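First up is the structure itself, then whatever we jot down about it.
Readers should treat all values here as calculations from the given coordinates under stated rules, not as data from a laboratory. Everything quoted here is computed from the prediction, not taken from an experiment. All Cβ positions, even for glycine, are placed from backbone atoms using ideal geometry, and neighbour counts span all protein chains on display.
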Amino acid sequence: MKVINLISGPRNLSTALMYSFAQRENTAVLDEPFYAHYLLNGNAAVTHPSEKKICATMERDEVKIVENIHKISEDKYVFIKGMAHHYLSDTPDFILKWNNIILIRHPENLLASFSKVIETPTIKDIGIKKASELFTYLDAKGKTPLVIDSDELLKDPPAYLKKICELLEISFTEKMLRWKKGGILEDGIWAKHWYKNVHNSEGFAIQKSSGQQMPKRLQPVLDEAQHYYAILKNHILKNN
């Protein structure tokens, strides 16, 4: 079976994609399995909501996390919804065996949304730098990841999901387009802080909050993020 590894930043529709893949009967979804490992070892500059509980309840050893993922994949496809910055190594060789997807969003929109929960994010917190580095690493190893964009997805979700499934060599099902309101069992314990929009949704949709303005104080972070976004932007799968 396949391990489909979604490498994202926060506020990128990654949770909606996890919900989409959770509708597949032959697919197990994992919500940010490396989160506790990152919080304990990544020297995060800001405190994350529910941080103590995450570290107390989730597996923290990277080797054991990977072993568990591979064990699950013996019987089912595995879809990992993960954050790029949760990979602390510059060369995480275990992802070379996986089908990697990098999900991006214009960093200005990402920062506007992210700052509603964490007021002063750094370039490290939003994952775009790490996503760019992981793309370069995978590409150099001959394992070029698929790069998708949340805005492209929302243009025509059925068409985009069909393209993604085709490139992953898995079947597309209409079930991937809809889910019930209120969350799924696989939600991380941080869901109450981050997943309000997707919990109130029944499918892919542009959120009312998508037009909000980025705080001016985050302009230096945006300026740095633009460089890494530009690298990945050239590889985006188009929805047409």
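Residues whose amide H comes within less than 5 Å of that of residue 100, counting only those at least five positions distant or on another chain, are 5, 146 (H built at 1.01 Å from N in the peptide plane). GNM, the chain, Cα, under 10 Å: largest mean-square fluctuation among 72, 170, 128? Residue with maximal mean-square fluctuation among 72, 170, 128: 170.
If you take every DSSP beta bridge whose two residues both sit in segment 3-233, what share of them, in percent to the nearest 5, is antiparallel? Write down the numbers at each step before the final one.
On the way: 1 of 20 bridges.
Approximately 5 percent, going by the DSSP bridge assignments.
The residue among 86, 35, 201 whose Cα reaches farthest toward the positive pole of the charge dipole of the chain, with charges on the beta-carbon of Lys, Arg, Asp and Glu, is 201. For Cα extents along the principal axes in Å, the value calculated from this model appears in (1) 52, 37, 31; (2) 46, 39, 39; (3) 47, 42, 36 under label (2).
About the Cα centre, and with charges only on the beta carbon of Lys, Arg (+1) and Asp, Glu (-1), how big is the dipole of the chain? Nearest 20 debye, please.
Numbers: 32 positive and 29 negative charges, 116 e Å.
That gives a dipole near 560 debye.
Under 5 Å from the amide H of residue 237 lie the amide H atoms of 147, 148, 149, each residue being 5 or more positions distant or on a separate chain, with H modelled from the backbone and absent for Pro and chain starts. Relative contact order of segment 3-233, taken over Cα pairs closer than 8 Å and 6 or more residues apart, is 30 percent.
Averaging the Cα positions of each part gives two centres, and for segment 25-67 and segment 170-202 these lie 19 Å apart.
By how many nm would the segment from residue 122 to residue 151 grow when fully extended, if each residue of separation counts as 0.36 nm and the alpha-carbon distance is taken off?
Details: separation 29, 0.36 × 29 = 10.44 nm, distance 2.29 nm.
Contour length minus the Cα-Cα distance gives 8.2 nm.
For the pair residue 61 and residue 205 in one chain, pulling the backbone fully straight at 0.36 nm per residue adds 48.2 nm over the alpha carbon distance.
Over 20 Å between Cα atoms, which of 52/192; 52/181; 97/143; 116/192 qualify?
Numbers: 52/192 15 Å; 52/181 28 Å; 97/143 9 Å; 116/192 14 Å.
The answer is 52/181.
Ranking 136, 184, 227 by how far each Cα lies toward the positive end of the dipole of the chain (charges on Cβ) leaves 184 at the top.
For segment 98-200, the list of GluC sites (Glu not before Pro) that fall in a loop by DSSP and count at most 10 other C-beta atoms within 10 angstrom reads 169.
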